[in-house]
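Just so it is clear, none of the values below were taken in a lab; they were calculated from the coordinates. Keep in mind that what you see is a predicted model, and the values were worked out from it rather than measured. Ideal geometry is used to build each Cβ from the backbone, glycine not excepted, and the neighbour counts take in all protein chains shown.
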Amino acid sequence: MPVRGLELFAGFGYTESKFDDFRTSQWNSSKTELVEYDYEDNYLPYAPKYTCNAGVQYRHATGFFCRADFLATGRFYGDSENRSIQKAYQTVNVRAGYEKESFDVYLWSENLFDEEYLTYVAPYDDQSDVGLDGAPRTIGVALAFRF
């Protein structure tokens, strides 16, 4: 805590997750014959090479509160073949408000800069992928009462 009420924080994760030995048979695109595939040294699906976060939070004795979080996810693949890919992306979340013993009120935003990304990606056919969009910019107000 550099000054009273101010907190700085960060985290970093790294993984090198590859298949050591993975051979399988799958139907060809016309479903007429089985084809053998070797996925050795391919990356595991949905295992980004890195994730990280950093943030700052401030609480004043009067009850004023604010926080900003930066989150980053490295490139990941959606299949064992490593054909379907989600590029690295970053999001920023913010929150500001007032906290007292019996209530809180906040204005908040998630994905503040409206980053487009997929939380799920997988092959659909030989030329395209299917995916699930990450949440767009979301803004709201939160009220909490304690009694």
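According to a simple spin-label model (label point 7 Å from Cα along Cα-to-Cβ), what is the distance in nm between F9 and L132?
2.6 nm
With no solvent and one point on each alpha carbon, what is the Debye value of log10 I(q)/I(0) for region 54-98 at q = 0.13, 0.14, 0.15, 0.28 Å⁻¹?
-0.47, -0.51, -0.54, -0.93
Report, by chain and number, residues whose modeled amide H sits under 5 Å from the one on N42, excluding near sequence neighbours (fewer than 5 apart, same chain).
F19
Please list 3J(HN,Hα) in residue order for region 21-35, calculated via the Karplus relation 6.51 cos²θ - 1.76 cosθ + 1.60 where θ = phi - 60°; whole Hz, with x for glycine and proline.
Values, residue by residue: 8, 8, 10, 8, 10, 9, 5, 5, 4, 8, 6, 9, 7, 7, 10 Hz.
Hey, what do the phi angles of region 127-141 turn into as Karplus ³J(HN,Hα) couplings, whole Hz, using 6.51/-1.76/1.60 and θ = phi - 60°, x for Gly and Pro?
10, 9, 10, 10, x, 10, 5, x, 4, x, 3, 10, 10, x, 10
Can you work out ³J(HN,Hα) from phi for every residue in region 37-43, in order, using Karplus 6.51 cos²θ - 1.76 cosθ + 1.60 and θ = phi - 60°, giving whole Hz and x for Gly and Pro?
10, 10, 9, 3, 6, 7, 6
Where the only charges are on Cβ atoms (+1 Lys, Arg; -1 Asp, Glu), what is the dipole of the chain about its Cα centre, to the nearest 20 debye? Walk me through the numbers before you get to the answer.
Values: 14 positive and 23 negative charges, 219 e Å.
Here the chain has a charge dipole of around 1060 debye.
So how far apart, in nm, are the two label points at E33 and Q57 if each is 7 Å from Cα heading toward Cβ?
6.0 nm
Starting from the Kirkwood radius over alpha-carbon pairs of the chain, derive D by Stokes-Einstein at 4 °C in a medium of 1.567 mPa s and give it in µm² s⁻¹. Let's see the in-between values first.
On the way: Rh = 18.6 Å.
The diffusion coefficient I find is 69 µm²/s.
Considering the alpha-carbon set of region 27-87 alone, what are its Rg and its Dmax in angstrom?
Looking at region 27-87, its Cα Rg and Dmax stand at 21.4, 72 Å.
So what does the Cα-only Debye profile of region 66-147 read at q = 0.18 Å⁻¹, as log10 I(q)/I(0), no solvent term?
-0.79
Taking H placed 1.01 Å from N in the peptide plane, check which residues at least 5 places from L118 or on another chain put their amide H under 5 Å from its amide H.
Long-range HN contacts for L118: G134.
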